[in-house]
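This report refers to the structure that appears directly beneath it.
The values are calculated or read from the model by the stated rules, or taken from the named source; none is laboratory data. Because the structure is a prediction, the values reported are computed rather than measured. Every residue, glycine as well, gets a Cβ built from its backbone with ideal geometry; the counts of neighbours run over all protein chains shown. Accessible surface areas use protein heavy atoms only, side chains included; no ligands, DNA or RNA. Shrake-Rupley method; radii C 1.70, N 1.55, O 1.52, S 1.80 Å.
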Amino acid sequence: MKLGLAAAFLGATLLAGTASAADKRWDGADDLPVNPLACSAGEANAAPAAKLYDGGKPTNAPDKAGKPITLVDVPKLIGIGYFNATSKGMQDAAKALGNVTVKTDGPTEAKIDEQIKFIDNYITSGVDGILFAANDPVAIAPVLKKALSKGIHVVGYDANSTPDAREWFVNQAEFNGIAKAMIDSMAKEAGEDKGFAIVTSTFTTPNQARWIAEMWAYAQKCHPKLKWLETVEAQEDNNLSFNQATTLINKHGDKLAGLFGMTSVATPASAEAVTKAKLCGKIAVVGLATPNAMKPYVNADCVKSVVLWNPVDLGYAATYVMRAVVDGSLKPGATSVEAGKLGKLNVVNGSEILLGSPFVFTKQNIKDFDF
Amino acid sequence: MSEIPLAQAAKRVIPWWLLRHETMLALILLIALIGLGGMNSRFLTLDNLLNQGRLTTEVGLIALPMTFIIITGGIDLSVGSIVGLCAILLGYSWKTFGFPLPLAIGFSLLVGAAAGFLNGIVITKVKVPPLIMTIATLALYRGLAEGISQARSVRGYPEWFYFVGQENLLGVPAQLWLLLIAIVVSAVVLDRTTFGRTLYAIGNNETAARFSGLPVDRVKLIIYTLSGLMAGLSACVLVSRVTTTRSDMGIGYELDVIAAVVLGGTSIFGGVGTIWGTVVGIAMIQLLKNGLALTGVKGDATIVVIGTVLILSTLVASSLQRRREGV
Amino acid sequence: MTAMTLAGVGTDPRRRLKVLASQEALLAIAVIGLAIAVGLNNPRFLAARNLSDVLLGNAYIAVAAVGMSMVIVSGNIDISVGALIGVLATISGTLAVNGAPIVVAWLAALVAGVVVMAFQGVIIAYLRIPAIVVTLGMLSILKGGLISVTGGKWITDLPDSFHLADIELFGLLPFPVFLMILVTILAALWMRYSASGRAIYAVGGNAEAARLCGISQPRTIVMVFALHGLFAGAAALLYATQLRVIQSTVPPNLELTIITASVVGGVSILGGVGTVVGSTFAAVLIAEIASALVFIDVSPYWIRAVQGVLILVTVIADILRRRRMAGA
Amino acid sequence: MTTDPHRDASAAPLLSVRAIEKSFPGVRALSGVSFEAARGEVHALLGENGAGKSTLIKIISGVFPPDRGEVLVDGKLVDLARPDDARRAGIATIYQELLLFPELTVAENIFMGHAPRAGLRRIDWRAMREKTNALLASLEIHDLQADRIVGSLSVGNRQRVEILRALSQDARILIMDEPTAALTEYDVTRLFDIVRKLKARGVAVIYISHRLDEIFAIADRVTVLRDGAHVATRRVAETDAAGLVQLMVGRKIESLFPKVTVPIGEPVLEVTELERQPLTRSVSLTVRAGEIVGLAGLVGSGRSELAQTIFGVTPAESGETRIGGQRVDIRSPAQARSLGVAYVPEDRGTQGLVRPMTVRENFSLAALGKVAIGGFIDRGAERRLAGDGVRRFAVKTSSLEQIAGKLSGGNQQKIVLGKWLANGPKLLILDEPTRGIDVGAKAEIHRLMGELAAQGLAILMISSELPEVLGMSDRVLVMREGRIVAEFSREEATQESVGAAMMGSHENAEKAA
């Protein structure tokens, strides 16, 4: 046992040697360029060059225009509030459309090979369309292409795959838009020149990694005095997130004026950590989260604003997009699509449909949402 | 009780019983297949069945050496973590060290074998019980995979690498050939060779095996190393199928694999089991999952079914075995 | 593990030295040593607030490890406990949200824990199926069942009074830490001073000898599992009330952390040896390491590797010790 | 516990066992055994292995119920359904394989299951220690401490812990199953001291042994069992060794073992100063082709350890081994096998036979190389091998696919023997070759040994049964405490001379008495 402890200490010392590397991980983990938005809303953004449709196409899809269709929704994982909300949106849309049946099924942990097996099974069972939120944009591509090759329509939402593996992707909000909303809120609530830290799921989770990269770029560009203290990982684990946030608070003390929660798990856990530390008002918590989990903190004035698109709308939109694709009303080259109560949604970036700007929940409006 | 009473109702003999158990299992599988097939016409198609074979190859490759290990009365819980470690080292050595891909594949297989060898050497030399040794390396190997990769993925392998994971060879998924060859080789080794006989002897009475001049420690070392090696192979097949290396690959495989082996009639106490049983076990789990999914049962409910089937089948198998031994 | 090094030959038992050489003492030294080492690097680590937070956030692991230690001492193992904690947290939370009296919601977790674990104990002890298979199956059943039933819906809007973890005794001792200490002490006393507590050691150490001493192995195993369920229930309450939301999913890898705490705490996987004090210290040490890694800027991804090395070295040391003892 | 009203408690013997019958599937273990033991009596149970002694004491101690018959304590019928019942009736048993908790202390081992309690029914550790010290003092044991961990004790001390455990439960009837089997001479003397003290207190001791000298040293009466039946009960003072042996084996020694004289050839095994601590100390011996060398000694004298060192299970630390004149360094049983060494171990159930495997598989286990081509087993060759073995050794089995563990002990032993002979060894080491098998099978194995020697095989035979050693061996070596202490030619070897060498000397044997 003495040996064990000695080894543990030795190990810890060795690891400490490799430590500094952990700080430089804001490249999105996908080698894509960042594109920070302009600092103030009034400033015009350089309009991105119109991009040609780069999605895929199903082979010999049966013509089901106007006919009832059966869809399956395979989110990253089931059993978290966020995907319960998207699933609800899909049911709402199905009811509104009347001729769509949609079922949500997926892995209980966010594991890509499990997700692939689910999709594969549904390809066999013969659905008309697949809605997905990818655990891994590249790994999921082969099975989606297989679906396309069997004449099944494929539409992504929340987390994209490589473009050619699906037809359309419903983008909840552009990465740089989220990044801007987050950083601007933080600068406003914590202060322009204060330090902040981030609790994320993992450094490589596609969406989170991109957001952090965009946040990094945007902060450099527009809020250069903000001090980026640290980013820690907490997977999608409530208690780990709480412990990590608490540790950050204790580690940085007064230097820490703000915490970002990058997932709907990490944000409430960070808020709880701040509450438990009795530092409400001293440490700002800004993050992506679902309203129900955040209500106690928003109502207690511990958290001022929660950034999120409305995931119910996201699911709703994805279903409408799928219907439009099947009906042939959304074709490559289109610039917008009609999405029921959401109105007209714009096509961006070749084959993506933008849900809109990020939604900010505050004390005033948060009680109106239940998901 | 060391003195088991002498010859009694000695009608039951091993081969008969084994045959019986597997026949029973296969029969249940058949009934389940027909039932599920009746409920969904797409279930019993060649396409679907072959595809299920593709999806289950990774677990299947590991289940074969696991059968050997469990027959000797051991267990290897670290296989899932070895898959993760090998997948990471495959990608890492290719991308970061700049190994040519074939070399990287060789390297990752080597790492798998080394990981298994470490299990084996500690189990045989220090005499740490396999359960606890492999719980420790379950954490250790996964930790190494996560630590080395910092959970970053590796992508963009050359196109030829995806052949094994995604293409067909003679109309059958390419990796399924690997699995089929591995099954036949393992079955022959277990059933027909002195090596296989030694495994049974160790599982039934390790001391007597040792006293009969059988190379007990060497054989154990070989099977744990083999288990690591096959986990490495499984990692390569998996990466080839999903085109990406991630450090969370293989999480939970150990449970799937052990469930399949135990379901296939291999006794967790050692001494009893066959490759054919394991094959039926693998098929049963995969087709049950698939069949239930196709008939509209959701994934979470399927997990419940698998857990229940596992406990019940062990219950039946162990009571059969007890009756056979007349205890 | 009471006598690491000095189960000496023919000498008088030097009890004081033995106490110092015990696994518990070594772990306590490690806990303090690590704190000082990291504290030198960043004094904030030693702040009372941080140390108490380390305990607060991980007390549930220590509480569950107490039960796990009993199970392992009795010669068994349980890999379903993580899933069970998830299920119990959900049961308790659902009752609380739907207006059941808070005490009922709390008790429900404890009772359900006892029932599920005792059921597994019965299968293991009376039907003689190895614990690893039974708990493996149960892990699947609980995990799948939880999501099937809840649909994975998070539980929010929990009444404030539900939050056990928020209670601070005497205004400074957080309830989870109090419970961790209380459970550890009670369990330690029970295992040392009650006949049934000693029966666990007897059954794990030599089942045949225990039988001849009039100790029923099956009954002892069922009792151990029932108690383990009780502690899992308590752990689930801490887990559920730590945050304002209950996730309704199975906490990943929790069972592994709990088993690690037990084994590193000196509970021998071969059965018959170990104390719950050791496992609690070990749980604290593991939590402390996780926190320390953040303080010294190491990615938490290394924590699992550290855990693995810790188990490995502890187990090998244990085996070598036994071998030396048998040779003496 | 039920009371039999027709008994007068005061006149009844302390323990009375009546007409016990017990069958296991396929074998009758006990048929109508009765005996009695009075207060302060040491009553020996004598019989060869397999005579039913163990079964009998397991019934008396409640491990399993008899089919028929009854056990009375103080004249009252007791129902012994579980070990606990026996304990409550005042019966305690010390088994051969000591049943202790190695990780716990002496005090706790003694009081497991009936620890002294204090308030709140908590275990009173201080009282437990004090009581332990009192027990130790009452038996004048001064080198054992209540706080020692049992795993670190010597075998003799562990046995004392078991005796103390029995006394701590106020046992009035103490059953000791071959208590001296693993003891050193010194420990045996001390054990006898303790037994005498118990006797003086009025405890009835049921003493199981097949060592005549011990019985003469300690017992008052002796009951002899043979093949599960009660043969006779005698006062020890009124009988002698030859008489008891005759009762045990049922015939004269002379007729039991075939004596075959064959020409002795070249040395097959020569070991010089072989060393493996703790129980093989500087052993030198030679076994020649066609020779049967008997290795006598008490259990625990290091005979099996020596055999296992030669066979490579526990490789030698130093010394020289030659097989057929070639110097070899045997590190594993596999290597020993390839050098033509065969070892039929003492414990058939755990070391010799793979019980759940078939007769065929057991027969080929040590000769897999013979029936395999390039690692592949030739099923036909294997069946022929096993079939030949079954015929040659007259194994009574329904088929080659019979589970070996279901055969009788004698047939199992023939398989273990046959397994090794299939390999065509040059040297055969037999460790208790006839332990626990019936007389018929025993004779067959003896006949076979003679035949094998005649064919030029060198045989080293370990046996605890002196008549067997004397009857079979061309030469007798005697081991004590890891050394070879005496060598006798066939002519020199007698019960007395060999027995004395085993015990150390005549004087020591007398002193023990």
Problem set entry | Looking only at region D:119-133, and only at residues there that are at the interface with chain C (Cβ under 10 Å from one of its Cβ atoms) and at pLDDT 85 or above, the one that is least open to solvent (accessible area, probe 1.4 Å) | D:ILE123
Exercise. With (1) away from chain A (no Cβ under 14 Å); (2) part of a helix (DSSP H, G or I); (3) open to solvent by 30 Å² or more (accessible area, probe 1.4 Å) as the list, and C:ALA109 as the residue in question, which single condition is left unmet?
Worked result: (3)
For this session: Scan region B:33-44 and give yes if some residue there is outside any helix (DSSP H, G or I) and either open to solvent by less than 10 Å² (accessible area, probe 1.4 Å) or touching a Cys at 6+ places or on another chain (Cβ under 6 Å) (or both), otherwise no.
Result: yes
Problem set entry | A:THR202 of a type in the set (Val, Ile, Thr), open to solvent by 20 Å² or more (accessible area, probe 1.4 Å), in contact (Cβ under 8 Å) with a residue 24 or more places away in the chain and not assigned by TED's automatic domain parsing to the domain that holds A:LEU77 | yes
Exercise. Being buried (at least 18 other Cβ atoms within 10 Å of the Cβ), touching a strand residue (DSSP E or B) at 6+ places or on another chain (Cβ under 9 Å), at negative phi and away from chain A (no Cβ under 11 Å), is that true of even one residue in region C:153-175?
Worked result: yes
Exercise. Among the residues of region D:56-66, is any closer than 26 Å to D:GLN413 by Cα, in a helix (DSSP H, G or I), open to solvent by 10 Å² or more (accessible area, probe 1.4 Å) and not hydrophobic (A, V, I, L, M, F, W, C)?
Worked result: yes
Problem set entry | Of residues in region D:90-113 being part of a loop (DSSP other than H, G, I, E, B) and in contact with a helix residue (DSSP H, G or I) (Cβ under 7 Å, 6 or more places away or on another chain), the one nearest to C:SER268 (Cα to Cα) | D:GLU103
Exercise. Before we move on, is C:ILE200 within 30 Å of B:ASP256 (Cβ to Cβ) and not charged (D, E, K, R)?
Worked result: no
Exercise. If we scan region D:134-141, do we find a residue that is more than 14 Å from chain C (Cβ to nearest Cβ), part of a helix (DSSP H, G or I), modelled with pLDDT under 85 and out of contact with any Phe, Trp or Tyr (no Cβ under 6 Å at 6 or more places or on another chain)?
Worked result: yes
Exercise. How many residues does region A:278-293 hold that are out of contact with any Ser or Thr (no Cβ under 7 Å at 6 or more places or on another chain) and either closer than 24 Å to C:VAL54 by Cα or not assigned by TED's automatic domain parsing to the domain that holds A:ASN239 (or both)?
Worked result: 7
Exercise. Among (1) open to solvent by 10 Å² or more (accessible area, probe 1.4 Å); (2) at the interface with another protein chain (Cβ under 8 Å from one of its Cβ atoms); (3) aliphatic (A, V, I, L, M), where does A:VAL232 come up short?
Worked result: (1)
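A quick yes/no check of all residues on (1) surrounded by 22 or more Cβ atoms within 10 Å (Cβ to Cβ); (2) at the interface with chain B (Cβ under 10 Å from one of its Cβ atoms); (3) free of Cβ contacts under 8 Å to residues at least 40 places away in the same chain:
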residue: D:VAL344; (1), (2), (3): yes, yes, no
residue: D:GLY352; (1), (2), (3): yes, yes, no
residue: D:THR358; (1), (2), (3): no, yes, no
residue: D:ASN362; (1), (2), (3): yes, yes, no
residue: D:LYS370; (1), (2), (3): no, no, no
residue: D:GLY375; (1), (2), (3): no, yes, yes
residue: D:ALA381; (1), (2), (3): no, no, yes
residue: D:ASP388; (1), (2), (3): no, no, yes
residue: D:PHE393; (1), (2), (3): no, no, no
For this session: Kindly indicate whether B:LEU178 is modelled with pLDDT under 90, open to solvent by 10 Å² or more (accessible area, probe 1.4 Å), assigned to a helix (DSSP H, G or I) and within 27 Å of B:THR266 (Cα to Cα).
Result: no
For this session: Go through region A:162-199 and give me each residue that's under 14 Å from A:ILE130 (Cα atoms), in contact with a Leu (Cβ under 6 Å, 6 or more places away or on another chain) and either assigned to a loop (DSSP other than H, G, I, E, B) or open to solvent by 10 Å² or more (accessible area, probe 1.4 Å) (or both).
Result: A:ARG166
Exercise. Quick one: what pairs do we get from region C:92-118, first residue at negative phi, second modelled with pLDDT under 90 and surrounded by fewer than 16 Cβ atoms within 10 Å (Cβ to Cβ), C-beta under 7 Å, 6+ apart or different chains?
Worked result: C:ALA96/C:PRO159; C:VAL97/C:ASP157; C:ILE102/C:PRO159; C:ILE102/C:SER161
Seminar exercise, completed: All conditions in (1) farther than 30 Å from D:SER16 by Cα; (2) in contact (Cβ under 8 Å) with a residue 12 or more places away in the chain; (3) not β-branched (Val, Ile, Thr) are true of D:ARG126 except (2)
For this session: Six or more apart or on different chains, Cβ under 6 Å: which pairs go from a residue in region C:152-171 that's within 11 Å of C:LEU243 (Cα to Cα) to one that's part of a loop (DSSP other than H, G, I, E, B) and open to solvent by less than 20 Å² (accessible area, probe 1.4 Å)? Could you list them?
Result: C:THR156/C:VAL245
Seminar exercise, completed: In region B:45-73, anything of a type in the set (S, T, N, Q) and open to solvent by less than 30 Å² (accessible area, probe 1.4 Å) is listed as B:ASN48, B:ASN51, B:GLN52, B:THR56, B:THR57, B:THR67, B:THR72
Exercise. Is there a residue being in the same structural domain as A:ALA133 (by TED's automatic domain parsing), of a type in the set (Val, Ile, Thr) and at pLDDT below 85 anywhere in region A:311-329?
Worked result: no
Exercise. For region A:259-371, which strands (runs of 3 or more DSSP E) that fit wholly inside it have 3 or more residues that are over 23 Å from A:LYS51 (Cα atoms)?
Worked result: A:284-288, A:306-308, A:359-361
Seminar exercise, completed: Output for Cβ contacts, cut-off 9 Å, separation at least six or different chains, first residue free of Cβ contacts under 8 Å to residues at least 12 places away in the same chain in region D:444-466, second open to solvent by less than 30 Å² (accessible area, probe 1.4 Å) and in a strand (DSSP E or B), reads none
For this session: Sort out which residues of region D:221-233 are buried (at least 18 other Cβ atoms within 10 Å of the Cβ) and under 17 Å from D:SER16 (Cα atoms), and write them in order of number.
Result: D:ARG221, D:VAL222, D:THR223, D:VAL224, D:LEU225, D:HIS230, D:VAL231
Exercise. Can you name every residue in region B:92-142 that is more than 7 Å from chain C (Cβ to nearest Cβ), of a type in the set (Val, Ile, Thr) and in a loop (DSSP other than H, G, I, E, B)?
Worked result: B:THR96
For this session: Just name the residue that is farthest from B:PRO130 (Cα to Cα) out of those in region B:201-249 that are among the hydroxyl-bearing types (Ser, Thr, Tyr) and within 7 Å of another protein chain (Cβ to nearest Cβ).
Result: B:THR243
For this session: Just give me the residues in region D:186-211 being open to solvent by less than 30 Å² (accessible area, probe 1.4 Å) and in a helix (DSSP H, G or I), in sequence order.
Result: D:ASP187, D:VAL188, D:LEU191, D:PHE192, D:ILE194, D:VAL195, D:LEU198
